[in-house]
Amino acid sequence: MPTVTVNGLDLHYREAGSGIPLFLIHGHTGSSRSWEPCLPVLSQRYRVIAPDLPGHGLSGRPSDPAAYAPEAMAEALYGLMEELGLERCHLAGHSMGGMIAMLLALAHPERLRSLMLISTSAEAPETARTPGRARVLQIAREQGMEAAWEALQTADYVAAARFPDRPDLVQLRREQFLMTAREAFIHCSEAVARHPPFLRDLERLSLPVLIVCGEDDTFFVEPSRRMHQHLRGSQLVFMPGCGHRPQFDRTEEFNRIVLDFLQRVDAASGAGGG
């Protein structure tokens, strides 16, 4: 994976395909591998760029807790876009990555062709404030990430997320979790939990927006509806039989929804799909 240094921070990313840039932001304790089911299909039509967030995957691990605030990570990724020469791109974010994507869009709307929000919220999600989350964070502080992973298996907010229970996907989640810096796990969790809602700010956006949420993703169904209400002309899709990671639950359908949206946006703007 290539690396770009942005303000002293090494950011690793995956890249595939050519054409109009499509920038994908993963969620908390994920990595660029969170988009693995999508890359082969999306990269046939787009230049897909999927970074590892600060403290996640193979990216650098800042010591400053402020570097893990959603706004700070949005600016780090904007710096990556600048370094890669991305003048205008499609932007997608999953879970915490969706919050980061919205903040990036609000700060730099002129750089985006469209925005895709997957299993996310424009307000501190309930998952950030459950007793299970507090317990796992405490274990991470005292015992480290291996012990936190074990505690995570019975945490209330994880059960509600309805993650796929396929052994290969459980192993992927474990690998991603253990590659996340303990500081990133703790400080991202705390920053998201105390983040003020910004639903009304979304009304400033005038770009095309797609919102996708699994019908079984308990904590994100209503936040998805609220975002839809504040984002003029947005498209809201609830995917049946899906939890918090619809790109893994129903990969083919997810890719079709995303590609249909992107191609409509590109057709309306007179752009080609690569």
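The values are calculated or read from the model by the stated rules, or taken from the named source; none is laboratory data. All of these numbers come straight from a predicted model, not from anything done at the bench. For neighbour counting, all protein chains shown are included, and Cβ atoms are generated from backbone atoms with ideal geometry for every residue, glycine included.
Structure above, values below:
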item	result
Selected residue (only one of 245, 232 is modelled with pLDDT under 95, among the basic types (Lys, Arg) and surrounded by fewer than 21 Cβ atoms within 10 Å (Cβ to Cβ))	232
Count - residues of region 117-131 that are modelled with pLDDT under 90, small (Gly, Ala, Ser) and under 14 Å from residue 94 (Cα atoms)	0
Failed item, numbered, when residue 4 is tested on (1) surrounded by fewer than 18 Cβ atoms within 10 Å (Cβ to Cβ); (2) in a loop (DSSP other than H, G, I, E, B); (3) of a type in the set (Val, Ile, Thr)	(2)
Residue in region 95-105 that is on the phi > 0 side of the Ramachandran plot and either of a type in the set (Lys, Arg) or in contact (Cβ under 8 Å) with a residue 24 or more places away in the chain (or both) present	yes
Matching residues in region 248-274 - criterion: being modelled with pLDDT under 95 and more than 21 Å from residue 34 (Cβ to Cβ)	268, 269, 270, 271, 272, 273, 274
Subset of region 252-274 [in a helix (DSSP H, G or I) and either surrounded by 15 or more Cβ atoms within 10 Å (Cβ to Cβ) or touching a Leu at 6+ places or on another chain (Cβ under 6 Å) (or both)]	253, 254, 255, 257, 258, 259, 261, 262, 265, 266
Enumeration of residues in region 119-138 that are free of Cβ contacts under 8 Å to residues at least 40 places away in the same chain and crowded, with 16+ Cβ neighbours inside 10 Å	130, 132, 135, 136
Long-range neighbours under 6 Å by Cβ, at least six apart or interchain, first residue assigned to a loop (DSSP other than H, G, I, E, B) within region 9-21, second of a type in the set (Lys, Arg)	17/47; 18/47; 19/47
Scan of region 191-228 for residues that are part of a helix (DSSP H, G or I) and either at pLDDT below 95 or surrounded by 20 or more Cβ atoms within 10 Å (Cβ to Cβ) (or both), ordered by number	191, 192, 193, 202, 218, 219, 220, 223, 224, 227
All positions within region 145-190 that are at pLDDT below 95, not aromatic (Phe, Trp, Tyr) and not in a helix (DSSP H, G or I)	153, 154, 155, 162, 164, 165, 166
Any pair with Cβ under 7 angstrom, 6 or more apart, that starts in region 80-91 at a residue that is closer than 14 Å to residue 13 by Cα and ends at one that is charged (D, E, K, R)	81/111
The one condition in (1) outside any loop (DSSP other than H, G, I, E, B); (2) under 21 Å from residue 173 (Cα atoms) that residue 114 fails to fulfil	(2)
Region 87-108, residues that are in a loop (DSSP other than H, G, I, E, B), surrounded by fewer than 19 Cβ atoms within 10 Å (Cβ to Cβ) and either under 8 Å from the mean Cα position of the chain (by Cα) or not basic (Lys, Arg) (or both)	87, 108
So residue 253, is it free of Cβ contacts under 8 Å to residues at least 60 places away in the same chain and within 16 Å of residue 101 (Cα to Cα)	no
Some residue of region 29-51 being closer than 17 Å to residue 188 by Cβ and touching a Phe, Trp or Tyr at 6+ places or on another chain (Cβ under 6 Å)	yes
